[in-house]
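The values are calculated or read from the model by the stated rules, or taken from the named source; none is laboratory data. Owing to the predicted nature of the structure, the values given are computational and were not obtained by experimental measurement. Cβ sites come from the backbone with ideal geometry, for glycine too, and all protein chains shown count toward neighbours.
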Amino acid sequence: MRQNAIIIFGVMILSFIAAAQDFRTPRPSPDATVSQFVGVTKITIDYSSPAVKDRKIWGELVPFGQVWRAGANEATTITFTDAVSINGIELVAGTYAIHCIPNTNEWEIIFSKDVPVDGSSTLDPKKEALRIKVKPEEHHFLERMAFLFTDATENSVNVNLLWEKLKVAFKVDVKTQDLTLQKARDAFKWNQLMAGATYCLDNNTNLDEGFKWIQASALINENYWNTRILAQYFGKMNKKSEAISTMEKAIELGGKMQSAPFDFDRMKQMLADWKK
């Protein structure tokens, strides 16, 4: 009985600990997240939203000429799933901390690779990825700071920081067409299709589908490796002329490689045997 009671007590303690980990009290500046797709690219901003609370914000609570974390609590972060351009300057995909240096007529916005920064006091200039200058604009009063996406198209969107009676914005451009085509190519990798087709050929199984796979592989990226397999499929199908011309193309491609392929001599011999 005593042992059972200890076990039950232990389970209760673990349950309390698990529940405590999920417990949180309200933050004065609540956490917020906003996301926007621009074509196939997702942009996400994570920030904490401070309130005005009858305070003078610009030049006092947020001093001019000093680095500000663009929110409260932890530094604000922005994530791009693909490479983008910020006000015409390229930035690679990734997550960045956003820091600002406000002034009356011009702001500097800094995108830092030093993401786990708690505030801006430890901002490392060496990890700065991009810095842009923007003009602040008047805006209707907003009690809580917010980030807002506007004017979204398939290739661009404006990112707006809004608080009190001020708006600061920058434009994000995305090469949606190029990205979409590249993602389509990556979704059907030539080497994976070739691997499936090679398996079918080596095991003399599912040859009809394997033939389609090797055709698709060569269509995506024609090279020595998949062309030699395509030639062997033609050979297996007793299409001698197609097998010979395709293997000749494979040999030509292999001859242009920096180092001779490991099976180059075997493919040459196979071609010679077909020509007999």
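Couple of notes before you dig in:
- Just so you know, in segment 241-258 the residues that are charged (D, E, K, R) and in contact with a helix residue (DSSP H, G or I) (Cβ under 6 Å, 6 or more places away or on another chain) include one that is surrounded by the most Cβ atoms within 10 Å (Cβ to Cβ), and it is LYS249.
- Of all residues in segment 26-48, those satisfying the criterion of being polar (S, T, N, Q) and in contact with an Asp or Glu (Cβ under 8 Å, 6 or more places away or on another chain) are THR33, THR41, SER48.
- Scanning segment 140-180 for residues that are surrounded by 15 or more Cβ atoms within 10 Å (Cβ to Cβ) and in a helix (DSSP H, G or I) gives THR176, LEU179.
- Within segment 181-217, tally of residues that are farther than 17 Å from LYS236 by Cβ and assigned to a helix (DSSP H, G or I): 13
- Check on THR76, buried (at least 16 other Cβ atoms within 10 Å of the Cβ) and of a type in the set (Val, Ile, Thr): yes
- Residue-level check: of (1) under 18 Å from ASP178 (Cβ atoms); (2) touching a Pro at 6+ places or on another chain (Cβ under 7 Å), GLU90 misses just (2).
- Residues that are closer than 23 Å to MET270 by Cβ, free of Cβ contacts under 8 Å to residues at least 60 places away in the same chain, touching a Ser or Thr at 6+ places or on another chain (Cβ under 7 Å) and of a type in the set (Gly, Ala, Ser) do not occur anywhere in segment 202-215.
Residues are listed down the side, and each one gets a yes or a no for (1) more than 21 Å from LYS165 (Cα to Cα); (2) over 23 Å from the mean Cα position of the chain (by Cα); (3) modelled with pLDDT of 95 or more; (4) among the charged types (D, E, K, R):
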residue: ILE13; (1), (2), (3), (4): yes, yes, no, no
residue: GLN21; (1), (2), (3), (4): yes, yes, no, no
residue: PRO26; (1), (2), (3), (4): yes, yes, no, no
residue: VAL34; (1), (2), (3), (4): no, no, yes, no
residue: PRO50; (1), (2), (3), (4): no, yes, yes, no
residue: ALA72; (1), (2), (3), (4): no, yes, no, no
residue: THR79; (1), (2), (3), (4): yes, no, yes, no
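- Residue match in segment 38-52 (condition: among the aliphatic types (A, V, I, L, M) and part of a loop (DSSP other than H, G, I, E, B)): yes
- Only one of ALA184, ALA231, ALA195, ALA169 that is closer than 30 Å to ALA75 by Cα and of a type in the set (Gly, Ala, Ser): ALA169
- Residue list for segment 202-217, restricted to those being surrounded by fewer than 22 Cβ atoms within 10 Å (Cβ to Cβ), on the phi < 0 side of the Ramachandran plot and not acidic (Asp, Glu): ASN203, THR205, LEU207, PHE211, LYS212, GLN215, ALA216
- Single residue of segment 53-70 satisfying the filter (out of contact with any Asp or Glu (no Cβ under 8 Å at 6 or more places or on another chain) and in a strand (DSSP E or B)) that is modelled with the highest pLDDT: VAL62
Residue-by-condition table, conditions (1) of a type in the set (Lys, Arg); (2) assigned by TED's automatic domain parsing to the domain that holds THR76; (3) in contact with a His (Cβ under 9 Å, 6 or more places away or on another chain):
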position: LYS165; (1), (2), (3): yes, yes, yes
position: ALA169; (1), (2), (3): no, yes, no
position: ALA195; (1), (2), (3): no, no, no
position: TYR199; (1), (2), (3): no, no, no
position: TRP225; (1), (2), (3): no, no, no
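- Among the candidates ASP82, ASP114, residue that is more than 27 Å from ARG27 (Cα to Cα), outside any strand (DSSP E or B) and in the same structural domain as ASP54 (by TED's automatic domain parsing): ASP82
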